[in-house]
1. Suppose the filter is within 22 Å of Asn343 (Cβ to Cβ) and crowded, with 18+ Cβ neighbours inside 10 Å; does Met302 pass it?
2. Give the stretch 377-388 a look and list any residue that's under 22 Å from Met335 (Cα atoms) and either within 24 Å of the chain's Cα centre (by Cα) or among the acidic types (Asp, Glu) (or both), or say none.
3. Listed residues Leu250, Leu238; which is closer than 25 Å to Ser381 by Cα and either open to solvent by less than 40 Å² (accessible area, probe 1.4 Å) or in contact with a Gly (Cβ under 6 Å, 6 or more places away or on another chain) (or both)?
4. It is to be established whether one or more residues within the stretch 258-268 are open to solvent by less than 20 Å² (accessible area, probe 1.4 Å), in contact (Cβ under 8 Å) with a residue 60 or more places away in the chain and part of a helix (DSSP H, G or I).
5. Could you list all residues from the stretch 239-270 that are farther than 23 Å from Thr395 by Cα and in contact with a Phe, Trp or Tyr (Cβ under 8 Å, 6 or more places away or on another chain)?
6. Taking Val147, is it part of a loop (DSSP other than H, G, I, E, B), surrounded by 20 or more Cβ atoms within 10 Å (Cβ to Cβ) and either β-branched (Val, Ile, Thr) or in contact (Cβ under 8 Å) with a residue 24 or more places away in the chain (or both)?
7. Could you tell me whether the stretch 221-234 includes any residue that is at pLDDT 80 or above, assigned to a helix (DSSP H, G or I) and open to solvent by less than 50 Å² (accessible area, probe 1.4 Å)?
Amino acid sequence: MKDSAQSPIGPQQARPGTFNALRYRNYRLYWLGNFVSFTGDWLDQIALNWLVITTTGDPVMLGLVNLGRGLPILLFAILGGVVADRIDRRRMLITTQAAAMMVAIGLALTVALYDSAIWLIMILATCRGTIVAFNQPARQSLIYQLVPREAMTSAISMNSITINMAKIIGPLASAAIIATLGITACFIANAVSFTVVMATLMLMDLPAQGIVREKEPFLATLTGGISYLRREPILLMLVAVALVPTFFCLPYLQFLAVFAAHVFDVGAAGFGTMTAIAAAGSIFGALLSAHLQHDARRGSTMLLFMGGFGVALVAFSLAPSFYAAAPILFIAGAMHIAYNSSNATILQLTVDDAYRGRVLSTLFMSRGLRPLGMATMSLLSVWIGPRLAMGLMATVVVVFAGVVWMFMPRLRNLTI
């Protein structure tokens, strides 16, 4: 059997399994590259935030730098999806990785030579966000070329596991590097990580991309994607199912700091513990989604996971103590990733490959929605308290899941 997504898969070879996607060489290279890339991203993110707060001492500047990273993704992700549908995706990924490496080197030089000039840091952070807006649609679109359809649930779930492993390992590694070698070393390590990612991309044995639209007018490609989504109400609802919880529920990860300090009074150690519990739950949720395989490709399963995510956060907001909240937080992390993996799998298997980059790019607008959701939850917490703020926003997702379940039977009964 050829180790390729394009190879015929016999009945005995196609048995679903949690780690099924890792049987394919191209996906193993992709998985390794993603793990290194996401870990490097955390090195960069932690070091950048620490650099800004220690250099300026101003939380407002920290917010502006992070806005510079997040806003370009909200504004340009759809354009990144258009480009991903016009040119070879692997070539696009290698190009964006090289550009991101230059930004990481620029940050290291800014610290070493320019005394951490905040204006340079803000420019480089904005450049990084813009690069991510073009990198992520191509990265996600490429998965479909790496594994057969029956391994898609496993591939997306394994990708979620990678993200959450990096979420644990990256900050720990960043703290160790900053303590021993300094902030500059984090940016250098991140720059080196891009060479590994580019190497894994070049080692892949991929067939030529089926549809490349380099000669089509850019605006025609953009409007074609919008028209395609308008013709496909199921895809529109799948995108909504991805974005609504991002705004109303996903800020809970950043908001754990508020619960640690003002609700449970457990300090920084408690905050770190809660973050780790949520990450551990996310890994479990990704494994659960991969294990379920066929069930994870049902609209009803996806909606149950999404509703479960909202219910878990409502329960967390009402928990009387840190010890009562901890297991609920684990469930919330599991439900979040399980619904997210299920949604991404159904989208990948439903969308026409000619529009894949443009449709998937709408999901990465969520990185821009997340700060807006966090700001909304923070403002609500000032008016009605942290518990009610989180509980109210999570309730919106529970109600949304119920409304979709009742009034969108095509999505509820969807099976891929």
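1. Numbers: within 22 Å of Asn343 (Cβ to Cβ): yes; crowded, with 18+ Cβ neighbours inside 10 Å: yes.
Criteria met by Met302.
2. The one that is under 22 Å from Met335 (Cα atoms) and either within 24 Å of the chain's Cα centre (by Cα) or among the acidic types (Asp, Glu) (or both): Met377.
3. Working: Leu238 fails: closer than 25 Å to Ser381 by Cα.
The match here is Leu250.
4. To start, the set of residues in the stretch 258-268 that are open to solvent by less than 20 Å² (accessible area, probe 1.4 Å) comprises 259-260.
Filter once more, so that each one left must be in contact (Cβ under 8 Å) with a residue 60 or more places away in the chain: 259.
Adding the requirement that they be part of a helix (DSSP H, G or I) leaves 259.
Yes, the stretch 258-268 has at least one match.
5. Step one: filter the stretch 239-270 for residues farther than 23 Å from Thr395 by Cα, giving 261, 265-270.
Matches in the stretch 239-270: Ala261, Val266, Gly270.
6. On the way: part of a loop (DSSP other than H, G, I, E, B): yes; surrounded by 20 or more Cβ atoms within 10 Å (Cβ to Cβ): yes; either β-branched (Val, Ile, Thr) or in contact (Cβ under 8 Å) with a residue 24 or more places away in the chain (or both): yes.
Yes.
7. There is at least one residue in the stretch 221-234 that is at pLDDT 80 or above, assigned to a helix (DSSP H, G or I) and open to solvent by less than 50 Å² (accessible area, probe 1.4 Å).
Residue-by-condition table, conditions (1) touching a Ser or Thr at 6+ places or on another chain (Cβ under 9 Å); (2) within 24 Å of Gly224 (Cα to Cα); (3) surrounded by fewer than 20 Cβ atoms within 10 Å (Cβ to Cβ); (4) modelled with pLDDT of 80 or more:
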{"site": "Leu51", "(1), (2), (3), (4)": "yes, no, no, yes"}
{"site": "Gly57", "(1), (2), (3), (4)": "no, no, yes, no"}
{"site": "Val60", "(1), (2), (3), (4)": "no, no, yes, no"}
{"site": "Leu64", "(1), (2), (3), (4)": "no, no, yes, no"}
{"site": "Pro72", "(1), (2), (3), (4)": "yes, yes, no, yes"}
{"site": "Leu75", "(1), (2), (3), (4)": "yes, yes, yes, yes"}
{"site": "Leu79", "(1), (2), (3), (4)": "yes, yes, yes, yes"}
{"site": "Val82", "(1), (2), (3), (4)": "yes, yes, no, yes"}
{"site": "Asp88", "(1), (2), (3), (4)": "no, yes, yes, yes"}
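The values are calculated or read from the model by the stated rules, or taken from the named source; none is laboratory data. Computed from a prediction, not measured in an experiment: that's the story for all the values here. Glycine gets a Cβ as well: all are built from the backbone with ideal geometry, and neighbour counts include every protein chain shown. The area values use the complete protein model at the heavy-atom level, side chains included, leaving out ligands, DNA and RNA. Shrake-Rupley method; radii C 1.70, N 1.55, O 1.52, S 1.80 Å.
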